[in-house]
Amino acid sequence: CFSLSLGELEKQLCHEYPNIIFSEVVCGDAPSPTLPGEVRQFGRRFHMEAAEELQDCSMFYVGAEGLALTSFMLTWNRFPFSSFDPATGHGRRETLNVNRALMRRLYLVERARDAHVVGILVGTLGVAGYLDVLEHLHQLVRRAGKRSYTLSVGKPNPAKLANFLEVDIFVLVACAQNSLLDSSEFYRPIVTPYELELACNPAREWTGNYLTDFRDLLPGNS
């Protein structure tokens, strides 16, 4: 909701930070070509020549504390991270214990590995590639000797998902900004497509990089 202010923010910061790079959320139901001088990662568009340039960046997030911020910090867990909340007017250096957050997520990977029935939650119909990912997850679960159901229940909540008692674990297919869900109040855990991939695909090893954009799991993507 703060993206409309990016132009004004860029005007104010570009003189003091000549190497500043702004990102934009990539949205829409059809893929658009990547333009020269543009890199796409994590469901966002960066105006730079190569993805390797991100390795030299410090990250600054504009927005309120929440799962979107946690998702970014897990994805960019090797980089210095700061944030500014326009609603409160406060900025801070983020000190989230990312390792603890990652340990929680890796615990969910083990829960997914032990599951027999997987519920695939369709959380988006507006991100290009979601049908391909659904098919990928069905094949992944089948090859792992598990059963799966595809469920479209709108925004997940504990009451809705409690109706599917036969499901051992859910996987949420959503945009990169909303893929990470705190399922501590749910009857069954909810994982991301990447976490299910770690659980069911022996060829996929944990490298320390956390993928929140489900399209990164498809052949030909990062």
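The values are calculated or read from the model by the stated rules, or taken from the named source; none is laboratory data. Nothing here was measured: the structure is a model prediction, and the numbers come from that model. Using ideal geometry, Cβ is built from the backbone for each residue, glycine included, and neighbour counts are taken over all protein chains shown. Accessible surface is based on the protein model in full, side chains and every heavy atom, while ligands, DNA and RNA are left aside. Shrake-Rupley method; radii C 1.70, N 1.55, O 1.52, S 1.80 Å.
On the stretch given as region 201-222, residues that are under 15 Å from Gly123 (Cα atoms) and assigned to a loop (DSSP other than H, G, I, E, B) total 2. Of the helices (runs of 4 or more DSSP H) lying entirely inside region 104-200, those containing at least 3 residues that are surrounded by 19 or more Cβ atoms within 10 Å (Cβ to Cβ) are 130-143, 193-200.
Mind listing whichever residues of region 174-206 are modelled with pLDDT under 80 and hydrophobic (A, V, I, L, M, F, W, C)? Correct list: Cys175, Ala176. No other residue among Pro18, Pro33 is more than 22 Å from Ser71 (Cβ to Cβ), modelled with pLDDT under 70, of a type outside the set (A, V, I, L, M) and open to solvent by 40 Å² or more (accessible area, probe 1.4 Å) apart from Pro33. Checking Ala51, Ala87 one by one, the residue that is at pLDDT 75 or above and either within 29 Å of Arg100 (Cα to Cα) or open to solvent by less than 50 Å² (accessible area, probe 1.4 Å) (or both) is Ala87 and no other. The sole residue among Asn209, Asn163 that is at pLDDT 80 or above and out of contact with any Asp or Glu (no Cβ under 8 Å at 6 or more places or on another chain) is Asn163.
Within region 132-154, the residues that satisfy the criterion of being under 19 Å from Asn201 (Cα atoms) and free of Cβ contacts under 8 Å to residues at least 24 places away in the same chain are Glu135, His138, Gln139, Arg142, Gly145.
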